[in-house]
Amino acid sequence: MEVQGVVDRISNGYAVIICEQISKEFLVSEHKLNEGDWVTMLLSNGEIKDIKKDIEETRKRRRINHKKTDKLRKRMKSNFSK
């Protein structure tokens, strides 16, 4: 089964990957993963058999987050200028 997940945090040398599709959290050696990275994992019997960074999905999600952050900042500025 192939699923997507996001690196939620790095803790004690391990990346904590959250996979909402199957409501599960995985701990993997951080090995070049960063907080916020999206990954595609191949699972077998609930265990990760392969994991790959999903660069396109990571970029897409970061763009969305930046847009939302900019929108919030603009709203905050307009509220303080009244």
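The values are calculated or read from the model by the stated rules, or taken from the named source; none is laboratory data. On a predicted model such as this, the values are computed, not experimentally measured, just so you know. Cβ sites come from the backbone with ideal geometry, for glycine too, and all protein chains shown count toward neighbours.
Remarks
- Qualifying strands (runs of 3 or more DSSP E) (wholly inside the chain; at least 3 residues being surrounded by 15 or more Cβ atoms within 10 Å (Cβ to Cβ)): 2-11, 14-19, 38-44, 47-53
- Single residue of region 28-41 satisfying the filter (among the hydrophobic types (A, V, I, L, M, F, W, C) and at pLDDT 95 or above) that is farthest from residue 61 (Cα to Cα): 41
- Within region 4-17, residues that are closer than 9 Å to residue 36 by Cα and free of Cβ contacts under 8 Å to residues at least 40 places away in the same chain sit with their Cβ atoms under 8 Å from residues that are outside any strand (DSSP E or B) and among the small types (Gly, Ala, Ser), at 6+ positions apart or across chains, in these pairs: 7/36.
- Count of region 32-82 residues, restricted to those that are touching a Cys at 6+ places or on another chain (Cβ under 9 Å) and of a type in the set (Lys, Arg), is 0.
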